[in-house]
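Report on one structure; see the data block that follows.
Readers should treat all values here as calculations from the given coordinates under stated rules, not as data from a laboratory. Bear in mind that the values here come from a model prediction, so they are computed numbers and not experimental data. Here Cβ is always computed from backbone atoms with ideal geometry, including for glycine, and neighbour counts include all displayed protein chains.
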Amino acid sequence: MTPIPEALRWQGEVGGRLDILDQTLLPCRVEWVACSDVETVVEAIKRLRVRGAPAIGIAGAYGLVVAAGEALHGRLGPAAARAHIIARSETLATARPTAVNLRWAVTRCRGVLDALPSSMPTETLAAALLAEARAIHEEDRALCAAIGRHGAPLLADGGVLTHCNTGALATGGGGTALAVITTAWEQGRTIEVFADETRPLFQGARLTAWELVARGIPVTVLVDAAAGHLLKTGRIQACIVGADRITARGDVANKIGTYSLAVLAAAHDVPFYVAAPSSTFDLALEDGGDIPIEERAAEEVLAPLGVQAAPAGARAFNPAFDVTPARLIRGIVTERGVIAPVNRENVLAMLQPAAR
């Protein structure tokens with residue numbers, strides 16, 4: 001089995017740097033982006049060098065540590081350092097609008113900052129933020145393992161269809177939906193994974209397939225438009241995907257194409273599951289229609305991977321996410337257990353202790 005590199009790693013202690021695996025270069029090249037300033041962290045998040053809701057949350061947390069390092073290297077006093085970090089926190093939290101984990105992690109680190117005395121030396125502020133970012137990173141490793149354990153019993157022998165990338169590259173641990181698959185495989189289930197290529201950026205083909213090949217798990221890549229035909233053949237026993245934001249009643253925002261896959265799964269009576277940690281739930285939102293949907297650059301559609309695919313003058317519709325209503329979801333796998341059936345009552349019963 002080929003080791004899969006972490007999506008991101010902190011180098012050094014206070015005043016160190018964040019290294020981000022540049023996922024735009026995978027699977028052809030493994031290169032790291034050294035982030036010693038907040039602008040580089042934000043650019044990496046916006047350009048999808050780091051992606052996946054849990055991973056960008058962790059990047060946001062470490063981004064505040066980078067901001068503290070900027071203050072430290074600039075020899076800012078306590079008041080100026082605090083103001084600098086607070087200003088950078090909003091820049092980080094708004095780098096991508098749909099995935100709630102980013103703002104959640106930044107807000108959690110801001111809470112640590114707000115709880116410290118205003119006279120606290122800059123180096124002490126930086127150390128406290130680094131400890132919290134590391135805690136978030138370590139917690140995500142444990143969450144991924146728990147999601148895998150809770151979700152694995154849902155998968156029978158046979159074909160599993162997934163969309164986008166939900167593995168180690170998208171999280172701080174072994175993944176969400178992909179952790180369910182890999183855990184079932186490790187438990188001896190006979191599984192063949194079918195991975196939608198996930199246009200326009202091909203995260204399924206470039207990233208999910210790369211992770212599965214490295215783990216020795218059989219994987220077949222298909223164009224997104226082939227999912228309906230594949231489901232009709234009866235070869236798929238379950239679909240499982242990740243999430244970028246989940247509302248109080250269980251509506252799920254995830255990579256564009258997820259809603260279509262859920263509709264197709266329902267039409268063919270194939271169970272459709274979502275796997276996500278509690279940090280991906282936004283209990284302040286009731287309806288999926290209230291989730292902000294990021295729209296990305298036209299070039300991603302018109303010239304995918306840099307190859308011109310449409311004539312000059314054509315326009316593009318490029319939402320990065322869509323929303324799948326709770327009624328199409330058989331169950332949501334969390335680190336606390338499986339929410340099923342998916343409705344407001346069961347979501348809150350599972351997650352309100354965590355929210356408090």
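A few points about this structure:
- Proximal charge balance of Thr208 [Cβ under 15 Å; K/R count +1, D/E count -1]: 0
- Distances between placed amide hydrogens fall under 5 Å for Val33 paired with Ile20, Leu21, Asp22, all partners being 5 or more residues away or on another chain.
- Computed over neighbours whose Cβ is under 14 Å from that of Gly159, the net charge equals 0, Lys and Arg +1, Asp and Glu -1.
- Less than 5 angstrom separates the built amide H of Leu222 from those of Ala195, Asp196, Glu197, all sequence-distant by 5 or more or on a different chain.
- Isotropically averaged projected area of segment 67-184, using the convex hull of Cα atoms (one quarter of hull area), nm²: 8.3
- Integer Hz, Karplus 6.51/-1.76/1.60 couplings in order for segment 180-193, x for Gly and Pro: 4, 5, 5, 5, 4, 4, 5, 7, x, 5, 8, 10, 10, 8
- Positive-end residue, segment 119-253 charge dipole about Cα centroid, Cβ charges, pick of Ala168, Gln237, Cys144: Gln237
- Segment 231-356: relative contact order as a whole-number percent, Cα under 8 Å and 6+ apart: 31
- Charge dipole of segment 8-145 (Cα centre as origin; +1 on each Lys and Arg Cβ, -1 on each Asp and Glu Cβ, all else neutral): 300 debye, rounded to the nearest 20.
- With the helix formula -39500 (n - 2.57) applied to DSSP H stretches of n ≥ 4, the chain reaches a computed 222 nm mean residue ellipticity of -12500 deg cm²/dmol.
- Along segment 27-44 the Karplus relation, 6.51 cos²θ - 1.76 cosθ + 1.60 evaluated at θ = phi - 60°, assigns HN-Hα couplings of x, 7, 9, 10, 9, 10, 9, 7, 10, 9, 9, 5, 4, 5, 5, 4, 4, 5 Hz to successive residues, with x for each Gly and Pro.
- For segment 106-117, Karplus couplings with θ = phi - 60° (6.51, -1.76, 1.60), whole Hz, Gly/Pro x: 5, 5, 4, 5, 4, x, 5, 4, 5, 7, 8, x
- Dipole in debye (nearest 20) - the chain, about Cα centre, beta carbon charges: Lys, Arg +1; Asp, Glu -1: 180
- Quarter the surface of the alpha carbon convex hull of segment 175-266 and you get the mean projected area, 6.3 square nanometres.
- Max mean-square fluctuation residue, GNM over the chain, Cα-Cα springs under 10 Å, options Ala310, Ala184, Ala71: Ala310
- Our analysis of segment 148-355 gives Rg over Rh at 0.96, with the two radii drawn from alpha carbon positions and Rh computed by the Kirkwood formula.
- Segment 23-77 - Kirkwood radius from inverse mean 1/r over Cα pairs (Å): 12.0
- Percentage relative contact order, the chain, counting C-alpha pairs under 8 Å, at least six apart: 16
- When only alpha carbons of segment 8-145 are considered, Rg and Dmax amount to 14.1, 49 Å.
- Dipole of the chain [Lys/Arg +1, Asp/Glu -1 at C-beta], most positive-end residue of Gly63, Trp210, Ala79: Trp210
- Amide proton proximity set for Ile191, modelled H, under 5 Å, gap of 5+: Gly158
- DSSP bridge pairs, the chain: antiparallel proportion in percent, nearest 5: 45
- Most fluctuating residue given options Val333, Val307, Val180, as computed from a GNM of the chain linking Cα atoms under 10 Å: Val307
- Here's the picture: charge each Lys and Arg Cβ at +1 and each Asp and Glu Cβ at -1 in the chain, and of Gly257, Gly12, Trp185 the one pushed furthest to the positive end of that dipole is Trp185.
- Segment 1-19-segment 229-255 distance, computed between alpha-carbon centres (Å): 31
- Quotient of Cα Rg and 2.2 N^0.38 Å for the chain, N being how many residues it contains: 0.98
- Between the helical axis of 122-151 and the longest alpha-carbon principal axis of the chain there is an angle of about 10 degrees.
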